[in-house]
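Readers should treat all values here as calculations from the given coordinates under stated rules, not as data from a laboratory. Fair warning: this is a prediction, and the values are worked out from it, not measured in the lab. Because the Cβ atoms are built from the backbone with ideal geometry, glycine has one as well, and the counts that use them run over all protein chains shown.
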Amino acid sequence: MRYIAPPRDSVAPEVFARWPLCGWRDYGAWMQGARWPSIDELNAVRPVGQRERFVAQTLELLKDGLHYEQRIAERGEIATREANWHDLFNAMAWLRYPMLKRALNARQMADIAVMGTQERSRAQYALTHFDEAGVIVTLRDRTLLDLWDAHDWYGLFWRERAAWQDGRATLHLFGHALLEHALTPGKLLVGKALACLATDDGGDAVAECAQGIAAGRLLCDPLELRPLPLAGLPGWHPESDMETFHRHTPCYQPRREGRKYPAPLAL
């Protein structure tokens, strides 16, 4: 069933104090203000030197006949619907993670050159899934990866609950659809994750993933992405601090028979 975001003036204020939206407080005025930000306001805070810019998605714009990704690659224009939650969160993702967005666009364009705009490859599905629901998780404890591999959600999110607060497990939420879904209180969010395993201080997980995506080493198939029930993380769901939640929540699905995940990216 297609998700329909609540109207701006009916969003429950408490969702902005809970993860993941509280992690985007630097854009709080755009999310919680009385009015929607304008296209000019979005462009005003672009990183220095960023070629891509936001443009209003109008009927006139769409008459150019270009695919959404082509418009970005060829003209640097990110078609953006005004007064729209999904596109606002997409803009925020572009502003925070331009390297990832640019890598995804380059890969989409490479496949469009081969497949055309009417067909989609396995890689394009993987790229789109990550764009919409992507999470980058860095683990500094191999036992956490073993729990994740086994879909031992009780172990990963309850017995090892402290790992998500003491730095052994950290994440970057990238997927803008996850931010949109978080507008609904109590939503059981599930991300599609790329996993990294770090030693000592490790490296820059976002930069490494962006480079891997651009080079075609990552996101060649949707099955590379690991499900991560974000609702189980401390502070992400109103009931996640109760043990019973981790025994019975429907977003904790068992691993399918024969399902295997690729090795994590080494940092």
All lysines inside 24 Å of Lys260 as judged from Cα atoms, apart from same-chain residues fewer than 8 positions distant: Lys192
Find which of Met242, Leu61, His172 sits farthest along the positive direction of the dipole of the chain, computed with +1 on the beta-carbon of Lys and Arg, -1 on that of Asp and Glu, about the Cα centre. Leu61
How large is the Kirkwood hydrodynamic radius of the stretch 25-96, counting all unique pairs of alpha carbons, in Å? 12.8 Å
Step through the residues of the stretch 13-21 one at a time and calculate ³J(HN,Hα) from phi using the Karplus curve (6.51 cos²θ - 1.76 cosθ + 1.60, θ = phi - 60°), rounding each to whole Hz and writing x for Gly and Pro. x, 5, 5, 7, 9, 10, 5, x, 5
Let's see if you can work this out: charge +1 on each Lys and Arg Cβ, -1 on each Asp and Glu Cβ, no other charges. What is the dipole magnitude of the chain about its Cα centre, in debye to the nearest 20? 280 debye
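Helix-derived [θ] at 222 nm for the chain: sum -39500 (n - 2.57) over DSSP H runs of at least 4, divide by residue count, nearest 500?
Calculated mean residue ellipticity at 222 nm is -10000 deg cm²/dmol.
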For the modelled label position 7 Å from the Cα of Arg255 along Cα-to-Cβ, which residues of the stretch 125-161 have backbone nitrogen atoms closer than 16 Å? 142-157
At 0.692 mPa s and 37 °C, Stokes diffusion of the stretch 47-189 via Kirkwood alpha-carbon radius, µm² per second: 189 µm²/s
Restricting to aspartates and glutamates and to Cα separations under 14 Å from Lys187, and discarding same-chain partners fewer than 8 apart, the set is Glu14, Glu239
If R0 is 51 Å, what FRET efficiency do you get for Asp200 and Arg81 from their C-beta distance, rounded to 0.05? 0.70
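Using alpha-carbon pairs under 8 Å, 6+ residues apart, how would you state the relative contact order of the stretch 128-266 in percent?
Worked out over the stretch 128-266, it gives 33 percent.
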Less than 12 Å Cβ to Cβ from Glu52, Lys/Arg counted +1 and Asp/Glu -1: what total charge do the surrounding residues give? +4
Cα-based Rg then Dmax for the stretch 178-267, in Å, read 15.4, 43
Under the Karplus curve 6.51 cos²θ - 1.76 cosθ + 1.60, θ = phi - 60°, whole-Hz ³J(HN,Hα) for the stretch 170-187, x wherever Gly or Pro sits: 10, 8, 10, 8, 10, x, 6, 5, 5, 5, 5, 5, 5, 5, 9, x, x, 5
Tell me, what is the percent relative contact order of the chain, built from C-alpha pairs under 8 Å that lie six or more residues apart? 22 percent
If you take the charge dipole of the chain about its Cα centre, with +1 on Lys and Arg Cβ and -1 on Asp and Glu Cβ, which of Ala163, Gly202, Ala150 is farthest toward its positive end? Ala150
Cα-Cα pairs above 16 Å in the stretch 124-190: how many percent? 57 percent
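Restricting attention to the stretch 236-266, which GluC sites (Glu not before Pro) occupy a DSSP loop and are surrounded by at most 16 other Cβ atoms within 10 Å?
Here the GluC sites (Glu not before Pro) that fit, given the DSSP loop and packing criteria, are Glu239, Glu257.
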The set of residues whose placed amide H lies less than 5 Å from the amide H of Asp152, leaving out same-chain residues fewer than 5 positions away, is none
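For every other residue with a beta carbon closer than 12 angstrom to the beta carbon of Asp64, add +1 if it is Lys or Arg and -1 if Asp or Glu, then tell me the sum.
0
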What are the equivalent ellipsoid semi-axes of the stretch 138-233, built from the alpha-carbon gyration tensor (square roots of five times its eigenvalues), in whole angstrom, biggest first? 21, 19, 13
Counted charge near Pro254, where neighbours are those whose Cβ lies closer than 13 Å (Asp, Glu -1; Lys, Arg +1): 0
Between Met242 and Ala266, with labels modelled 7 Å along Cα→Cβ, what's the label distance in nm to one decimal, could you check? 4.4 nm
Kindly provide log₁₀ I(q)/I(0) values, in the same order as q = 0.11, 0.13, 0.14, 0.16 Å⁻¹, from the Debye equation applied to equal alpha-carbon scatterers of the chain. -0.65, -0.91, -1.06, -1.35
